[in-house]
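One structure below.
The values are calculated or read from the model by the stated rules, or taken from the named source; none is laboratory data. Predicted model, so just to flag it, every value in this text is computed and none were measured. Cβ sites come from the backbone with ideal geometry, for glycine too, and all protein chains shown count toward neighbours. The area values use the complete protein model at the heavy-atom level, side chains included, leaving out ligands, DNA and RNA. Shrake-Rupley method; radii C 1.70, N 1.55, O 1.52, S 1.80 Å.
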Amino acid sequence: MITIYTPEGSKLREIPNNNFFKHITVRELLAVHPEFEDVLDEEDKPWGFVASTDVILMYMGNCAKITYITVTRNVDVYHFKKHWYLEYCQVHGYSYTVTDYF
């Protein structure tokens, strides 16, 4: 389980396991983050994660610097979404703990 904490230290969300990332969109992941609405209103969106059947596009804080990952049968898209989300949390002052390895 991953527990996300606000910058003030209160619990924001609990993520039960890796399957959570298979069934949630990036917009849903960030819906509980109050600063995310401000990011959506900007023309230059600095955080994004888009996955198709062929490619994963990730940008973390700079939409001009996009990471492209070719999707093959050995690429775990949800692994990348998980790490993208945890990076987003850290950059925006959130912390997290991992209580079970999954």
Margin query: For segment 19-35, which positions are under 24 Å from ASP76 (Cβ atoms) and open to solvent by 60 Å² or more (accessible area, probe 1.4 Å)?
Written below: ASN19, LYS22, HIS23, THR25, ARG27, GLU28, ALA31
Next item on the list: Return the total of residues in segment 85-102 being out of contact with any Ser or Thr (no Cβ under 9 Å at 6 or more places or on another chain) and surrounded by 13 or more Cβ atoms within 10 Å (Cβ to Cβ).
Entry: 5
Item checked: Complete set of residues in segment 81-102 that are over 8 Å from the mean Cα position of the chain (by Cα) and of a type outside the set (S, T, N, Q) -> VAL91, HIS92, GLY93, TYR94, TYR96, VAL98, ASP100, TYR101, PHE102
Checklist line | Verdict on ARG13 being modelled with pLDDT under 90, of a type in the set (Lys, Arg) and either closer than 18 Å to PHE80 by Cβ or open to solvent by 30 Å² or more (accessible area, probe 1.4 Å) (or both) | finding: no
Check: Taking segment 19-41 as the search range and keeping residues that are acidic (Asp, Glu) and in a helix (DSSP H, G or I), which one is modelled with the lowest pLDDT?
Finding: ASP41
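So which residues in segment 54-79 are aromatic (Phe, Trp, Tyr) and either in a loop (DSSP other than H, G, I, E, B) or open to solvent by less than 60 Å² (accessible area, probe 1.4 Å) (or both), if there are any at all?
Going through segment 54-79, the residues aromatic (Phe, Trp, Tyr) turn out to be 59, 68, 78.
Listed by number, the list holds a single entry, TYR59.
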